[in-house]
Amino acid sequence: MKIKLTFWKLVFLFLMAAGFYATVVRFTEGLGPSTNLSDQFPWGIWIGFDVLCGVMLAAGGFTLTAAVHIFNIKRLRPIVRPTILTAFLGYVLVCVALMFDLGRPYRIWHPLIMRNPHSVMFEVAYCVMLYTTVLSLEFAPIVLERFNLQKPIKIIRGILIPLVIGGVILSTLHQSSLGTLYLIMPEKLHPFWYSPLLPVFFFISAIAVGLAMTIFESSMSSKHFGRQLELPILQELGRVLVVVLSVYGVLRFEDLLHRGMLKLTLQPGYEMYLFWLEIMLSLIFPLLLLSQRKVRMSAGGLYVAAVLVVLGFITNRLNVSITGLESAAGMHYVPKWTEIAVTGAIIAAGFALFGLAEKYLPIFPAEEPHRVVERQRAMAAQVLEHAGD
Amino acid sequence: MSKALLYDATMCIGCKQCEQACATQNKLSYDDAIAAEERQSDHKYTVVLTKSDKFMRRLCMNCQEPACASVCPVGALRKTAAGPVTYDENRCMGCRYCMVACPFGVPKYEWNKVLPKVQKCTMCPDRVAAGKPTACAEICPTGATKFGERDDLINEAQQRIRENPGQYVNHIYGLTEVGGTSVLLLSSVPFEEFGYRTDLSKDPLPILTYRVLSRIPDFVPLGGMLLGGVWWITHRREEVAAAEGQHPKGDTKDQQERKP
Ligand code: SF4
Ligand code: SF4
Ligand code: SF4
């Protein structure tokens, strides 16, 4: 355990050092020398991965708060906090990545006073800004609790439900709007990915990834912190995941069918391979796995399926933002090492911050007496639920 | 009324004086090396392409309903009533959405600068506002690049095609492309040969995103009511139970307050 820890620390230090060097290049020499971006290919992995995937991976925040606080699914309560933490860190890191990508990062506040309501980017900017505020308010009680500040906690709890509703609406808007961003380029984006339904696809897949990330995180925490969700909760999440993935899959292929693109998916080619890689990872493998009762019921099986779903939809976002635009640009884009270094450092920072928070803040309801109370409560709730049947 | 440029490739002699005048007007450097560059870039807003004895100009089309202006989150790019699509570098935050969105791949970026700008032809907005033609049209020795009212230029282009059948491709490029542009092109060789896409839709592109965006004002109150309603219904059972004294009221986060 000790050796492993030092190994990860070394990895972390290495990523940070590389990221630091790349940061210096980026801000002293500009985007040209620090990236492989060009006039033909103006958006690279900082948008395709850091922003699109970052926001998607943080979708657990709104999915779960909605399930627990709005739909009143109490069994999921123990994982609300780690998911909010992930979402909060996710959005903060997305903002950090944006600072790298914007040509003039010090003007990131411009949309506040210079408005163009016809711009999807403007809408995304506003939603992300507001939702990060919502997340910090949802996250604040965890910190306040640590320092035992009851007054502000009470205030936040008083407005919790409107806050959660606001968060869900904002998330719905900007998760889908990241897809809407690409609606303006029907002639540029490859027909595998260009669809009038892009906003819908982005939204549904965000929910799927939100669920998968929750399963994934639970297993990660069990490895590194010895804390894990109870299996029934994971199984429940797995079940919902199957439904969401199936809905997404049906819609996706119906859309291809109606646009007459289904045949195209069988003609070998660069886009075709990446399309099927995405579909395999995000839909076929996870659904095959989860259709097995044995897999669906085991923590390990659920973990593998969750990882596949996450990888699959990361592929999807990269396909939309990079693969799908390459033929129109007439070139292949491969990120420069400095672009990867910045991304790597941001991810490493995310893991480190998560670890720190988990160590010093009451993220998991782990205290034993409390847990007993929690369980009793859950049982009582269940009894009550069945009493209502 | 809105102004436009009509470029007739059959009248062009490839002298590249329009390139030079454009550079001077926009305070960009211009020399033989730059003149030889056959593509638009951050230091070359317009380019005269050559293919054996045929020529073709490329420049910002200054669309009637420009995708670039519709996507710019801070309104740095704007379509003016007079025709030009202008750029305000003091607003631009460098998101480069305009570059991704432009169907003609026009906006270019100053990749090698620490504080970069977007660079594109803006159809000499100051000159146009002062009632003068654009720099390129003014200098053109043959009238291949002509400045005028868009409607008049369309009539003239139609007339030229009508009177010289066989000399032109029967198409005014820019008349309907993405809802029409303020730069109109006539040519004797197919436009694709010079990299102009002829598969562009006739509808303005901004409609595609606006169709979705315009639903938001309706969605927000509706979504709020819906979620609030679900909350009210799902928590109703507990309220009843609490009233009957069977179960502690509300299962929201307040339980943590009662922590030992
Ligand atoms: S050609 Fe491109 S940059 Fe020029 S106005 Fe049209 S959309 Fe904007
Ligand atoms: S790069 Fe500048 S001009 Fe282009 S969309 Fe972004 S803010 Fe607007
Ligand atoms: S100035 Fe006129 S003739 Fe000369 S290259 Fe330009 S358009 Fe052609």
Query raised in the report: Just one of A:Met280, A:Met272 is under 16 Å from A:Tyr194 (Cα atoms) and part of a helix (DSSP H, G or I); which is it?
Result: A:Met272
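Listed here are the residues, each with its yes/no results for (1) open to solvent by 50 Å² or more (accessible area, probe 1.4 Å); (2) more than 23 Å from the chain's Cα centre (by Cα).
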site: A:Arg252; (1), (2): no, no
site: A:Gly269; (1), (2): no, yes
site: A:Tyr273; (1), (2): yes, yes
site: A:Trp276; (1), (2): yes, no
site: A:Ile279; (1), (2): no, no
site: A:Ser298; (1), (2): no, yes
site: A:Gly324; (1), (2): no, no
site: A:Trp337; (1), (2): yes, yes
site: A:Lys359; (1), (2): yes, no
Requested in this report: Working only within the range A:74-91, note down all residues that are surrounded by fewer than 24 Cβ atoms within 10 Å (Cβ to Cβ), hydrophobic (A, V, I, L, M, F, W, C) and closer than 21 Å to B:His235 by Cβ.
Outcome: A:Leu76, A:Val80
Query raised in the report: Can you name the residue in the range B:43-57 that is more than 13 Å from B:Thr122 (Cα to Cα) and not hydrophobic (A, V, I, L, M, F, W, C) and, of all such residues, is farthest from ligand 3 (Cβ to nearest atom)?
Result: B:His43
**Report entry** Selection within the range A:176-218 - of a type in the set (S, T, N, Q), within 13 Å of chain B (Cβ to nearest Cβ) and not in a loop (DSSP other than H, G, I, E, B)
**Finding:** A:Ser176, A:Ser177, A:Thr180
Report task. State all residues of the range B:214-236 that are open to solvent by 30 Å² or more (accessible area, probe 1.4 Å) and either at the interface with chain A (Cβ under 7 Å from one of its Cβ atoms) or touching a His at 6+ places or on another chain (Cβ under 8 Å) (or both); if no residue qualifies, say none. Result -> B:Ile216, B:Val220, B:Val230, B:Trp231, B:Thr234
Requested in this report: Scan the range A:129-139 for residues that are within 12 Å of chain B (Cβ to nearest Cβ) and surrounded by fewer than 22 Cβ atoms within 10 Å (Cβ to Cβ) and report the count.
Outcome: 2
Requested in this report: For the range A:361-368, indicate whether the set of residues that are hydrophobic (A, V, I, L, M, F, W, C), modelled with pLDDT of 90 or more and open to solvent by less than 30 Å² (accessible area, probe 1.4 Å) is non-empty.
Outcome: no
Report task. For the range B:122-161, enumerate the residues that are in contact with a Gly (Cβ under 9 Å, 6 or more places away or on another chain) and at positive phi. Result -> B:Met123
Report summary line: For the range B:106-165, the count of residues that are open to solvent by 30 Å² or more (accessible area, probe 1.4 Å) and within 14 Å of another protein chain (Cβ to nearest Cβ) equals 5
Report task. From B:Val71, B:Val100, grab the single residue that is buried (at least 19 other Cβ atoms within 10 Å of the Cβ), in contact (Cβ under 8 Å) with a residue 40 or more places away in the chain and facing chain A (nearest Cβ under 9 Å). Result -> B:Val71
Query - Those residues of the range B:14-40 which are under 27 Å from B:Thr176 (Cα atoms) and away from ligand 2 (no atom under 16 Å from the Cβ), in sequence order - result: B:Gly14, B:Cys18, B:Glu19, B:Cys22, B:Glu38, B:Arg39
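Results for (1) within 16 Å of ligand 2 (Cβ to nearest atom); (2) within 26 Å of A:Gly330 (Cβ to Cβ); (3) not small (Gly, Ala, Ser), shown as yes or no for each residue.
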{"site": "B:Phe104", "(1), (2), (3)": "yes, yes, yes"}
{"site": "B:Lys108", "(1), (2), (3)": "yes, yes, yes"}
{"site": "B:Leu115", "(1), (2), (3)": "yes, no, yes"}
{"site": "B:Gln119", "(1), (2), (3)": "yes, yes, yes"}
{"site": "B:Ala129", "(1), (2), (3)": "no, no, no"}
{"site": "B:Ala137", "(1), (2), (3)": "no, no, no"}
{"site": "B:Thr142", "(1), (2), (3)": "no, no, yes"}
Query raised in the report: From the residues in the range B:32-54 that are in a loop (DSSP other than H, G, I, E, B) and either free of Cβ contacts under 8 Å to residues at least 60 places away in the same chain or out of contact with any helix residue (DSSP H, G or I) (no Cβ under 7 Å at 6 or more places or on another chain) (or both), which one is least open to solvent (accessible area, probe 1.4 Å)?
Result: B:Gln40
**Report entry** Filtered residues of the range B:60-70 (kept if more than 6 Å from ligand 1 (Cβ to nearest atom) and within 20 Å of B:Asp42 (Cα to Cα))
**Finding:** B:Ala69
**Report entry** Residue in the range B:202-213 that is most open to solvent (accessible area, probe 1.4 Å), counting only those that are touching a residue at least 24 places away in the same chain (Cβ under 8 Å) and within 8 Å of another protein chain (Cβ to nearest Cβ)
**Finding:** B:Tyr210
Report summary line: Scanning the range A:117-128 residue by residue, the ones that are outside any helix (DSSP H, G or I) and open to solvent by 20 Å² or more (accessible area, probe 1.4 Å) total 2
Requested in this report: Considering every residue within the range A:32-39, establish whether at least one is assigned to a helix (DSSP H, G or I) and open to solvent by 10 Å² or more (accessible area, probe 1.4 Å).
Outcome: yes
Requested in this report: For the range B:79-97, enumerate the residues that are facing another protein chain (nearest Cβ under 9 Å), of a type outside the set (Phe, Trp, Tyr) and closer than 26 Å to A:Ala329 by Cβ.
Outcome: B:Cys92, B:Met93, B:Gly94, B:Cys95, B:Arg96
Report summary line: Residue pairs within 6 Å by beta carbon, gap of at least six or interchain, first lying in the range B:14-31 and assigned to a helix (DSSP H, G or I), second away from ligand 2 (no atom under 16 Å from the Cβ) and open to solvent by 60 Å² or more (accessible area, probe 1.4 Å), listed first then second, are B:Gln17/B:Ile139; B:Ala21/B:Ile139
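The values are calculated or read from the model by the stated rules, or taken from the named source; none is laboratory data. This is a predicted model, so every value here is computed, not measured. Heads up, the Cβs are rebuilt from the backbone with ideal geometry, glycines too, and the neighbour counts pull from every protein chain shown. These accessible areas exclude ligands, DNA and RNA; they are computed on the full protein's heavy atoms, side chains included. Shrake-Rupley method; radii C 1.70, N 1.55, O 1.52, S 1.80 Å.
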